[in-house]
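Asks: The structure is given below, and queries will be raised subsequently.
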Amino acid sequence: MATIGVAIPIAEPYGAELQKYRAEFGDPMASSIPTHVTLMPPTEVADDDLAIVDEHLLAVAARFPSFRIRLRGTATFRPISPVVFVPLAEGISSCEVLQSQVRSGPLDVALRFPYHPHVTVAHDLDKDALDLAYDALSEYDCAFDVAAFSRYEHGADGVWRPQRSFPLAG
């Protein structure tokens, strides 16, 4: 079995910048999780089914157009979950439609929470660290075009690594 996820990688230099912030806030997962917007959360898939999954993702990407994401400010899921994130100010509906298409067919998985596209910058930290993250990035603003999404795999070392990119061509 492989544990996979599907996500939109955050374009550079913003991805590295937000990952650096996450590390500075003390998040121990900063170096293990590339900066991204989740389309499908961690899901176990049989190794033999990865080719079927990739065929499905290629088909989704082939019919989905590129779009723009703008990240701006900060928000939190507290008190439900100890997370601070940078929300999308543009591209929300495109992410919602794309994730529903990704999570169909062989990847028809249920979600624990309603889908809410975002970029996590602090997770499972104490209140002071979460407050620092919230305040430090409150004026954050960047925009980039999304031309692809990726399938990631969770390694035995706990690191998420991109395995394949799926260019949007719709």
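The values are calculated or read from the model by the stated rules, or taken from the named source; none is laboratory data. Keep in mind that this is a model prediction, so the values were computed, not measured. Neighbour counts are summed over all protein chains in view; Cβ atoms, including those assigned to glycine, are modelled from backbone coordinates with ideal geometry. Just so you know, the surface numbers come from the protein's heavy atoms only, side chains and all, with ligands and any DNA or RNA stripped out. Shrake-Rupley method; radii C 1.70, N 1.55, O 1.52, S 1.80 Å.
Asks: Using the heavy atoms of the protein chains alone and a 1.4 angstrom probe, what is the accessible area of the chain per residue in square angstrom?
Replies: 50
Asks: In a shell of Cβ-Cβ distance under 15 Å around GLN19, excluding GLN19 itself, what net charge do Lys and Arg (+1) and Asp and Glu (-1) give?
Replies: -1
Asks: For the chain, with the dipole built from +1 on Lys and Arg beta-carbon atoms and -1 on Asp and Glu ones, taken about the Cα centre, which of VAL109, GLY15, ALA147 lies farthest toward the positive end?
Replies: ALA147
Asks: Using all C-alpha to C-alpha distances in region 17-81, build P(r) with 10 Å bins and read off the rounded percent in each one.
Replies: Taking every Cα pair in region 17-81, the percentages come to 14, 33, 31, 22, 0.
Asks: Moving on to the next point. So, with +1 on the Cβ of K and R and -1 on the Cβ of D and E, and no other charges, what is the size of the charge dipole of the chain about its Cα centre, to the nearest 20 debye?
Replies: Using Cβ point charges on Lys, Arg, Asp and Glu, the chain gives about 400 debye.
Asks: I would also like to ask the following. Taking only DSSP H segments of four or more residues, each worth -39500 (n - 2.57), what value at 222 nm results for the chain once the sum is divided by all its residues, to the nearest 500 deg cm²/dmol?
Replies: Result for the chain: -8500 deg cm²/dmol, rounded to the nearest 500.
Asks: Moving on to the next point. Which one, LEU57, GLY91, GLY73, projects farthest toward the positive side of the charge dipole computed for the chain from Cβ point charges (K/R +1, D/E -1)?
Replies: Highest projection toward the positive end goes to GLY91.
Asks: May I pose another question? Antiparallel DSSP bridges in region 1-159: what percent, to the nearest 5?
Replies: 100
Asks: In addition: Rounded to a whole number, what % of the accessible area of the chain do carbon and sulfur atoms account for, probe 1.4 Å?
Replies: 53
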